[in-house]
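The values are calculated or read from the model by the stated rules, or taken from the named source; none is laboratory data. None of the values given here were measured: they were computed from a predicted structure. Here the Cβ positions follow ideal geometry from the backbone for every residue, glycine too, while neighbour counts run over all protein chains shown. We work out accessible area using only protein heavy atoms, side chains counted, and drop any ligands, DNA or RNA first. Shrake-Rupley method; radii C 1.70, N 1.55, O 1.52, S 1.80 Å.
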Amino acid sequence: MLVTVSVVVYTHNLALGVFAGVLLAALFFANKIGRYMLIKPLPTENDSVLAYGVIGQVFFASSDDFINSFTYDNPAVKQVSIDLTHAHFWDVTGIAALDKVVLKYRKAGVEVEVFGLNEASQTLVDKFGVHDKSEDVDIVFNH
């Protein structure tokens with residue numbers, strides 16, 4: 001509110017003041033909602049299998065946390081399972097983060113299973129993702 005009033009007083013333009021206030025509120029909201037993502041390891045019967053459950057919103061503000069929440073350096077792991085039943089991907093940055101996780105594991109020779117995407121998230125993955133398209137994955141690995 002202070003930003004809105006300050007901009008209006010300084011510029012004498014209500015539209016600019018409202019725009020500044022809405023922009024600032026959107027940034028604060030994105031920061032707040034970006035913190036509500038949890039990736040927890042799930043129990044497995046075998047040491048060569050890792051399972052993760054993802055809960056929350058994955059988008060530009062939480063994509064780095066998403067990528068950094070996985071363990072990539074265990075040579076004994078042969079299979080990774082990622083449960084996205086309680087997660088929602090909002091934008092291309094979130095989809096790119098999922099691609100990065102999956103491709104990083106695959107590059108290390110680990111089989112990755114991704115399941116539980118809701119319909120909206122699946123639509124984004126179908127349109128922008130590369131981890132589920134074999135011809136695009138080959139292009140990425142050749143770079």
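Annotation: extensible slack from F28 through V92 equals 21.0 nm (criterion: 0.36 nm per residue apart, minus Cα-Cα distance). Summarising the label geometry, the points placed 7 Å from Cα in the beta-carbon direction at S48 and R106 lie 2.1 nm from one another. Computed about its Cα centre, the charge dipole of the chain is approximately 520 debye, with only Lys, Arg, Asp and Glu carrying charge at their Cβ. With all protein chains in place and a 1.4 Å probe, the accessible surface of the chain carries 61 percent carbon and sulfur. Calculated over the chain, the projected area of the Cα convex hull averaged across directions stands at 11.1 nm². Dividing the Cα radius of gyration of segment 60-128 by its Kirkwood radius returns 0.96 for Rg/Rh. For the chain, the number of Lys pairs with C-alpha atoms closer than 27 Å, counting only pairs eight or more positions apart or on separate chains, is 17. Please determine, in degrees from 0 to 90 and to the nearest 10, the orientation of helix 2-11 with respect to the longest principal axis defined by the Cα atoms of the chain, where the helix direction is its Cα long axis. For helix 2-11, the angle is close to 50 degrees.
So for segment 43-84, considering every pair of alpha-carbon atoms, how many percent are separated by more than 12 Å? More than 12 Å apart: 65 percent of the Cα pairs in segment 43-84. Stretched out straight at 0.36 nm per residue, the stretch from T85 to V3 would grow longer than its current Cα-Cα span by 25.6 nm.
For the pair A120 and N74, the difference between a 0.36 nm per residue extended length and the Cα-Cα distance amounts to 13.3 nm. Note on M37: accessible area approximately 30 square angstrom, rounded to 10, probe 1.4 Å, nucleic acids and ligands left out.
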